[in-house]
Amino acid sequence: MLGIPFVLCTLVLVALGADATSRSCGDVRHAYAAKGFALAGAPQHEIAGEHLRVCSQGYTCCTLEMEERLSDQSKMDLQSLLEETSSTLRSTFTSRHKKFDEFFLELLDNSEKSLNDMFVRTYGKLYTHNSEIFEDLFSELKRYYTGGNVNLEEMLNDFWSRLLERVFQLLNSQYTFGDDYLECISKYADQLKPFGDAPHKLKAQVTRAFVAARTFVQGLMVGREVANRVSKVNISPACSKALTRLMYCPYCAGLPELRPCGNYCRNVLKGCLANQADLDPEWNLFIDAMLLVADRLEGPFNIEAVMEPLDVKISEAIMTLQDNSMQVSAKVFQGCGQPKPAVMGRSVRGVSDVFNARFRPYSPEERPTTAAGTSLDRLVIDIKEKLKKAKRFWSALPEDMCTQERVSTPPESEQCWNSHTKGRYFPEVVKDGLTSQLSNPEVEVDITRPDTFIRQQIMALRVMTNKLRSAYNGNDILFPDSSEYSCKIVVSAFEHKQTNKRGKAHVAVRFYNLLQNFIKTILIFT
């Protein structure tokens, strides 16, 4: 019969044998602490893993709490990696939007200043007494550019009509003209062409240039907003599990230094970023449309080439009327009737004499420099290079993210984490997009439920692409901003009146959402 000392000795030997064969978790503890986690509760040696929910339930260096923390960390890692990978794209749209907007606004300011300097030098008090016509012109141009509801053609027609009325009166200061007579003068403008071809040419040039400039800057803003929004990924529970297995189950397996296999990484990220990839077709169409309008900005729709000589062109138009004043006046008198003579005071004769003198256009030796001392051509060349690189960005995200050395190993490597151990990863890499994820071996993706948020960004790109194509053809499309803003005001006022009637306020919000979608749908098919 065996004695008690023999039994105790056997138990000690078994315990010593277990300690001798159990692997240390020292490397895992070090890597875990490097992530900023406290080591309290972290095993010194492997333990049974039946408590784990994602990683292997064999012997492990992870507790359930560690696995949960590492799971949360994997989601933050993906978000950080996505933001890092998209940072160049996002900063490009942000910085170039700011640069173009600054350039166009300063160009308008410089053009107005140049005209004011020239006309003060050329026409003196005759200009300063009538300067509100030109101030209104530039005010409306700025309002249009910044998104105001301005009909450029009507606004320019009104400018030339007002200018004709003022100059005609100055050229015929010996007469008195009532409002009805001035309205009659405007009716003869198309027939007489008192300013020559300047109004027609400038209207075409200014309209096309401003439509292109405003739409292009709006496109840069939309690109910026879409890029910023899509860079915030909505991580599903299935994606979260796949990310944990990809990034941190090596920790639980006691292999914290082991990076994922390249193709394994690609399959996981293609599953997690499937909706982002579906953005790519519309994104590419948007980029193509931006490039088309950029070509117009370099060529026939160059707003810089239109605005810089604007002062000279308007001055030449005034001189055309001045040179033909007798013929124009005779035809107006014939059509509208003989005006009443004015009391010929000394001041009236003085104004008429001064204006009838021959003036030469004043050209400043140096025009004001444009924004940051650059030119539109240089800005366009720069942005075109950046836009070309932005194509196919969203579908290439998994590849771009997984090719980083710190993220995964090359595809042919066998010294990598293949989802359960060290070794080669054999499954094929799936294609891009939501529908292709049916065959994804790593992430369960519900292809029947596309991400609503991504679909909203696709809609925004589609609407913007439609505007850009119209701008390329020289046509304008009403921006939804003003309409949406008006709707919001209506809804806000309605809700304010219905503070105690939540049901009606809810109906108002639903009405606004439906109306907003209706507006966008109309724009798409315009």
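Ignoring ligands, DNA and RNA, what accessible area per residue does the range 53-98 give at 1.4 Å, in Å²?
Result: 49 Å² of accessible area for each residue.
Using 0.36 nm per residue of separation minus the Cα-Cα distance, give me the extension gain between HIS45 and ARG449 in nm, one decimal.
Working: separation 404, 0.36 × 404 = 145.44 nm, distance 4.34 nm.
This chain segment gains 141.1 nm when fully extended.
Any idea how far apart VAL120 and LYS232 come out in nm if each label point goes 7 Å out from Cα toward Cβ?
So the label points at VAL120 and LYS232 sit 4.9 nm apart.
Taking 0.36 nm per residue of separation and subtracting the Cα-Cα distance, what length does fully extending HIS200 through GLN79 add? Write down the numbers at each step before the final one.
Values: separation 121, 0.36 × 121 = 43.56 nm, distance 5.41 nm.
Here the answer is 38.1 nm.
Using a Förster distance of 22 angstrom, determine the FRET efficiency expected from the C-beta separation of ALA305 and GLU102, and round it to 0.05.
It comes to 0.70.
Going by a ≥ b ≥ c, the root eigenvalues of the Cα gyration tensor, does the range 415-464 fall in the rounded group (a/c under 1.5), the prolate group (a/b larger than b/c) or the oblate group?
Prolate, because a/c is 1.5 or more and a/b exceeds b/c.
Does the range 174-280 classify as rounded, prolate or oblate by the C-alpha gyration tensor (a ≥ b ≥ c root eigenvalues; a/c under 1.5 gives rounded; else a/b over b/c gives prolate, otherwise oblate)? Each step should come with its number before you reach the end.
Working: a/c = 6.87, a/b = 5.27, b/c = 1.30.
Note, shape of the range 174-280 comes out prolate.
Which whole-number percent is the relative contact order of the range 414-460 (Cα, under 8 Å, 6+ apart)?
Here the relative contact order equals 18 percent.
So which trypsin sites (Lys or Arg not before Pro) in the range 231-271 are both in a DSSP loop and have at most 16 other Cβ atoms within 10 Å of their Cβ?
LYS232
With each label point set 7 Å from Cα along the Cα-Cβ vector, what nm distance links SER24 and SER186?
Distance between label points: 9.2 nm.
Find how much the distance from GLN456 to GLN57 grows on full extension, using 0.36 nm per residue of separation minus their present alpha carbon separation; answer in nm with one decimal.
139.5 nm
Rank-order 147-154, 325-332 by packing density, defined as the average count of other C-beta atoms within 10 Å over each peptide's residues, highest first.
Peptide ranking by packing, descending: 325-332, 147-154.
The values are calculated or read from the model by the stated rules, or taken from the named source; none is laboratory data. Note that this is a predicted model, so its numbers are computed, not measured. Counting neighbours? That spans all protein chains shown, and the Cβs are built from the backbone with ideal geometry, glycine included. Accessible surface is based on the protein model in full, side chains and every heavy atom, while ligands, DNA and RNA are left aside. Shrake-Rupley method; radii C 1.70, N 1.55, O 1.52, S 1.80 Å.
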